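Take a look at the structure set out below.
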Amino acid sequence: MTADLTGPVHEALAGLPLVDHHCHGAVAADLTAAQFESLITEGEAWPGVSPFDSPVGVAVRRHCAPLLDLPRHAPAADYLARRADLGWPEVNRRFLAASGTEVFCVDTGYAPHPVTTPAELARAAGAAACEVVRLEQLAEAVAARGVAAGAYAADFRAAAEEAVRRPGVVAVKSVAAYRTGFALDPARPTDSEVTGAAARWLARGGRLTDPVLVRHLLWTAVDLGLPLQLHTGFGDADVRLHHADPALLTDWLRLTSGTVPVLLLHCWPYHRQAAYLSAVFEQVYLDVGLALHYTGPARCRAVLEEALEITPFRKLLYSSDAYGVAEFHHLGALAFRRGLAGLLQARVDADELSLPDALRIAAWTGRDNARRLYGPPVSEAARASSGRPTRKV
């Protein structure tokens with residue numbers, strides 16, 4: 001082990017059971033080489049440009065290959081062949097277990113591939129899982145069933161209330177950043193505005209992209225009373241990145257102060273704006289998930305250092321935002337542990353932070369901040385080691 005990976009903070013984070021407060025399922029099928037490559041990029045696998053020849057592709061070959069019994073930096077062809085030989089159940093089991101995650105908070109609203117359910121993800125990892133409900137999916141399901149424009153608001157509210165009463169649901173999520181961006185009128189729309197917008201949308205069909213109905217969705221989320229997760233910043237080509245800057249939410253955050261926790265997901269390259277919002281609004285929290293595995297252990301420390309420049313330590317959470325390939329559940333956790341431990345240990349060594357404070361911040365960020373907000377279930381292993389009863393949700 002190199003000097004960079006030693007010290008009490010590294011040891012503490014290496015052994016800390018994580019709460020991944022936002023992730024997705026892993027694909028429950030064997031993948032072709034092209035399918036795997038498409039899942040390790042937010043763009044596309046363009047002709048002549050392999051996603052393996054990118055920071056995340058290099059990180060997969062370096063840090064994931066050993067878990068498939070391959071040498072570090074194994075060639076991509078060898079990696080894909082070994083993955084195929086093992087089969088998806090064993091691949092998923094190895095990477096999910098290696099992540100050291102005790103609870104996965106799973107967004108079940110995005111599944112263009114056959115992916116594991118929260119329960120299946122938990123079983124493969126020997127962990128626990130809970131659910132995050134995606135509100136745009138609910139709204140589109142209400143529209144697909146057939147609804148009069150004047151009844152849309154009440155029907156959507158009823159569907160959302162029913163969804164959040166499902167066992168294991170701990171939060172709701174919106175992808176408004178993709179659908180309209182955040183430069184919205186912050187005020188709650190009137191009933192007549194919602195009815196008019198619903199009439200236009202129901203006549204047109206398609207995805208929910210009407211700004212009035214997106215505002216209505218966000219305010220309905222506030223009324224539900226659960227933590228609200230919002231995708232911000234980095235994503236695939238559907239997002240207009242400059243419209244996904246969380247600072248555009250400032251006026252809406254003023255109006256919703258004192259209501260529900262608002263979790264700004266991913267944030268990069270706007271993690272400094274998100275940090276500002278977390279420092280001035282009581283209800284705002286953030287993570288830098290997704291950026292962790294795309295920058296990899298080689299650079300994630302820099303992202304975490306920037307996110308923590310002014311963020312209160314009780315406001316930063318861990319997430320992987322892993323989707324599709326279980327490598328990302330593992331790689332996100334590994335990058336987080338190493339990046340956070342490196343920056344905290346450096347501050348301890350420079351006498352800018354005491355060791356007890358560093359250990360406390362590590363535990364808060366990796367696990368306890370999420371527990372405080374969501375109260376998610378804990379795994380049986382964690383229950384046995386702590387002596388606390390497992391929460392039934």
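Coordinate-derived values only; no laboratory data. Given the structure is predicted, the values throughout are model-derived calculations rather than measurements. Backbone-built Cβ (ideal geometry, glycine too); neighbour counts: all protein chains shown.
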Exercise. Within region 199-214, what residues put their amide N at less than 12 Å from the label point 7 Å along the Cα-to-Cβ vector of LEU255?
Worked result: 212-214
Seminar exercise, completed: HIS73 and GLU162 label points (each 7 Å along its Cα→Cβ direction) are spaced in nm at 5.6 nm
Problem set entry | Added length on full extension, which subtracts the Cα-Cα distance from 0.36 nm per residue, ALA350 to ALA199 | 48.2 nm
For this session: Calculate for the chain the 222 nm mean residue ellipticity that helices alone would give, adding -39,500 (n - 2.57) per DSSP H run of length 4 or more and normalising by residue count, nearest 500 deg cm²/dmol.
Result: -13500 deg cm²/dmol
Seminar exercise, completed: Sorted by chain and then number, the residues having a modelled amide H within less than 5 Å of the amide H of ARG134, at least 5 places away or on another chain, are THR108, GLY109, LYS173
Exercise. How big is the antiparallel share of DSSP beta bridges in the chain, given as a percent to the nearest 5?
Worked result: 5 percent
Problem set entry | Estimated vicinal HN-Hα couplings, Hz - region 365-374 in sequence order (Karplus 6.51, -1.76, 1.60; Gly, Pro = x) | 5, x, 8, 6, 4, 5, 4, 5, 7, 9
Exercise. What angle, in degrees between 0 and 90 and rounded to the nearest 10, separates the Cα long axis of helix 211-224 from the longest principal axis of the Cα atoms of the chain?
Worked result: 70 degrees
For this session: Take the Cβ-Cβ distance between ASP238 and TRP46 as r, set R0 to 25 Å, and report the resulting FRET efficiency rounded to the nearest 0.05.
Result: 0.90
Exercise. What FRET efficiency would be calculated for the residue pair SER38, ALA141, taking the C-beta separation as r and a Förster radius of 25 Å, to the nearest 0.05?
Worked result: 0.40
Seminar exercise, completed: Computed from the beta carbon distance with a Förster radius of 35 Å, FRET efficiency for ASP53 and ASP185 to the nearest 0.05 stands at 0.20
Exercise. In nm, what is the difference between 0.36 nm times the number of residues separating ARG207 and ARG62 and their Cα-Cα distance?
Worked result: 48.3 nm
